[in-house]
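Notes for the one structure printed next.
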Amino acid sequence: MKDFTLKIYEAMILSAKSKGYQFQTFEDFISKPLDGKLMVLRHDVDRIPINALKMAQIEAKAGVKASYFFRIVSSVWDEEIISAVADLGHEVAYHYEDMTICNGDFEKAIVHFEKHLAALRRFYPSKTICMHGSPMSKWDNRKIWEKYNYRDYGIIAEPYFDVDYGKTFYITDTGRSWDNSEFNVRDRVDSKFDITIKSTEHIISKFEDGSMPQIVMINTHPHRWFDPSFGWYRELIMQNLKNTVKRLIVKNQ
Ligand SMILES: [Zn+2]
């Protein structure tokens, strides 16, 4: 099967589900983790937000919940898409990069953070955040927390600070290959697992043969996942959305 397609993504979810993995949003995983096999699907929406909506629909169809971290740059900030993802039952939260945007000015960055966290919370009562890696920037966006505390803003967790990667097996699709740490400027965790993932099919085979660890966090960037009929599909989704909105307007008149 071709890798990094929505089709194989769906197959991966269904395989984990059939092997007894329970899916939790990042927020629920932190605040009320379930016993047994657990899977957290974390998405960093860096570009092409329509792809995030496609993944969100696939997950909703499979009956699982995921966490979507949206950047607030104009190429990603699409309120129709953000609210549609939240409406599908997923967690929606802030993929912050305030230090980069404010050029390392702590005071400006925290004001910027607060403002955009509030903007995101119009769609979902976000209690988690996740930094954007900003590979081209000299600023590490996590630096803001050397001076401020996100808990003062009602945030309970940030994946780079609040997850025990000795217990949680972390897999990321950076560079459109799994676990390719040479491409990861900042998205690295201190993993205790000595497992190299070669492909999505490899992930599926590990679910199937029972060699996947009990707790897994999979981080994907939806813009890296394609559908062969992208243009057509996008139109269909947007049209359905518009029709839903239209129906609501008609109903409320
Ligand atoms: Zn990012």
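The values are calculated or read from the model by the stated rules, or taken from the named source; none is laboratory data. Only a predicted model underlies this, so the values are computations on that prediction, with no experimental measurement involved. Don't worry about glycine lacking a Cβ; one is built from the backbone with ideal geometry, like all the others, and counts go over all protein chains shown. Just the protein is used for accessible areas: all its heavy atoms, side chains included, with ligands, DNA and RNA removed. Shrake-Rupley method; radii C 1.70, N 1.55, O 1.52, S 1.80 Å.
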Exercise for the section: Kindly indicate which of 9, 96 is more than 16 Å from the ligand (Cβ to nearest atom), in contact (Cβ under 8 Å) with a residue 40 or more places away in the chain and hydroxyl-bearing (Ser, Thr, Tyr). Expected result: 9
Problem - Subset of region 116-157 (residues that are touching a Lys or Arg at 6+ places or on another chain (Cβ under 8 Å), away from the ligand (no atom under 13 Å from the Cβ), open to solvent by less than 20 Å² (accessible area, probe 1.4 Å) and farther than 21 Å from residue 34 by Cβ) - result: 155
Completion exercise
Here the residues within region 196-213 that are closer than 26 Å to residue 28 by Cβ and surrounded by 14 or more Cβ atoms within 10 Å (Cβ to Cβ) are 197, 200, 203, 204, 206, 207, 212, 213
Exercise for the section: Return yes or no: is residue 40 more than 16 Å from the ligand (Cβ to nearest atom) and β-branched (Val, Ile, Thr)? Expected result: yes
Problem - All strands (runs of 3 or more DSSP E) inside region 1-113 with 2 or more residues being buried (at least 21 other Cβ atoms within 10 Å of the Cβ) and in contact with a helix residue (DSSP H, G or I) (Cβ under 8 Å, 6 or more places away or on another chain) - result: 38-45, 67-70, 91-96
Fill in the blank from the handout: Within region 67-113, the residues that are within 25 Å of residue 27 (Cβ to Cβ) and either of a type in the set (Gly, Ala, Ser) or modelled with pLDDT under 95 (or both) are 67, 83, 84, 86, 89, 93, 109
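Could you grab me the full set of residues in region 146-157 that are farther than 17 Å from residue 26 by Cβ and assigned to a helix (DSSP H, G or I)? Don't jump to the end; show me each part of the working.
At the first step, the residues of region 146-157 found to be farther than 17 Å from residue 26 by Cβ are 146-149, 152.
Passing the criteria: 146, 152.
Which one of 125, 222 is touching a strand residue (DSSP E or B) at 6+ places or on another chain (Cβ under 7 Å) and at pLDDT 90 or above? Reasoning before the result, please.
Details: 125 fails: touching a strand residue (DSSP E or B) at 6+ places or on another chain (Cβ under 7 Å).
On inspection, the qualifying residue turns out to be 222.
In this structure, is residue 160 open to solvent by 30 Å² or more (accessible area, probe 1.4 Å), in a loop (DSSP other than H, G, I, E, B), closer than 30 Å to residue 14 by Cβ and within 16 Å of the ligand (Cβ to nearest atom)?
Working: open to solvent by 30 Å² or more (accessible area, probe 1.4 Å): yes; in a loop (DSSP other than H, G, I, E, B): yes; closer than 30 Å to residue 14 by Cβ: yes; within 16 Å of the ligand (Cβ to nearest atom): yes.
Criteria met by residue 160.
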Problem - Failed condition for residue 232, given (1) open to solvent by 80 Å² or more (accessible area, probe 1.4 Å); (2) within 22 Å of the chain's Cα centre (by Cα); (3) modelled with pLDDT under 85 - result: (2)
Fill in the blank from the handout: Within region 46-81, of all residues that are in contact with a Pro (Cβ under 6 Å, 6 or more places away or on another chain) and β-branched (Val, Ile, Thr), the one nearest to the ligand (Cβ to nearest atom) is 76
